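Values in this text are rule-based calculations from the coordinates and carry no lab data. Treat the numbers as computed from the prediction; the structure is a model and nothing was measured. So basically every Cβ, Gly included, is an ideal-geometry build from the backbone, and we count neighbours across all protein chains shown.
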Amino acid sequence: MTSIMVNVKINRSDPTLLHDQVAAQIRRAIADGEATPGERLPPARDFAAVMGVNTNTVLRALRLLRDEGLLEFRRGHGINVAGTPERGAVIAKAIELVQLGRTSGYDRAELVEIIQGLP
């Protein structure tokens, strides 16, 4: 597996939180094919050094992308691109649905039942 360095640009005058900017740039790299499924990302500290941000900022962005299904963390193997932008979008919507369900009083089992009943 190769290790890629995504060209992440940070705009400090943009009101968007830094970790969201980092995540957006990595999403873009995946969408543009610069980072393909199976490819290994550089360590967070390398990203942070290149961008001039704190390592925790990068880690927060990477965790967000992991939760979206775009990245996979494997101890001893680093961080790999796991999915496509489409899969990430579906997972993001599923997370949104679960959060809406919680605030509306539905548990996961009830949400699964609703989804299974859809045409």
Which of 71, 62, 18 ends up with the largest GNM mean-square fluctuation for the chain, with Cα atoms connected below 10 Å?
18
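Among the trypsin sites (Lys or Arg not before Pro) within segment 23-119, which fall in a DSSP loop and have no more than 15 other Cβ atoms within 10 Å of their own Cβ?
Passing both the DSSP loop test and the Cβ count: 75.
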Suppose the Debye formula is applied to equal point scatterers at every Cα of the chain; what is log10 I(q)/I(0) at q = 0.19, 0.21, 0.23 Å⁻¹?
-0.98, -1.11, -1.25
Label-point separation in nm, residue 50 to residue 32, each point 7 Å along Cα→Cβ
1.2
Dipole magnitude of the chain, debye to nearest 20 (Cβ charges: Lys/Arg +1, Asp/Glu -1, about Cα centre):
400
Could you check which residue among 29, 49, 82 shows the biggest mean-square fluctuation in a GNM of the chain with a 10 Å Cα cutoff?
49
Subtracting the Cα-Cα distance from 0.36 nm times the residue separation, let me have the gained length for residue 116 to residue 100 in nm, one decimal.
4.0 nm
Towards the positive end of the charge dipole of the chain, with charges on Cβ (+1 Lys, Arg; -1 Asp, Glu), say which of 15, 49, 94 has the farthest Cα.
49
Net length gained if the chain between residue 17 and residue 66 were fully extended (0.36 nm per residue, minus Cα distance)
15.8 nm
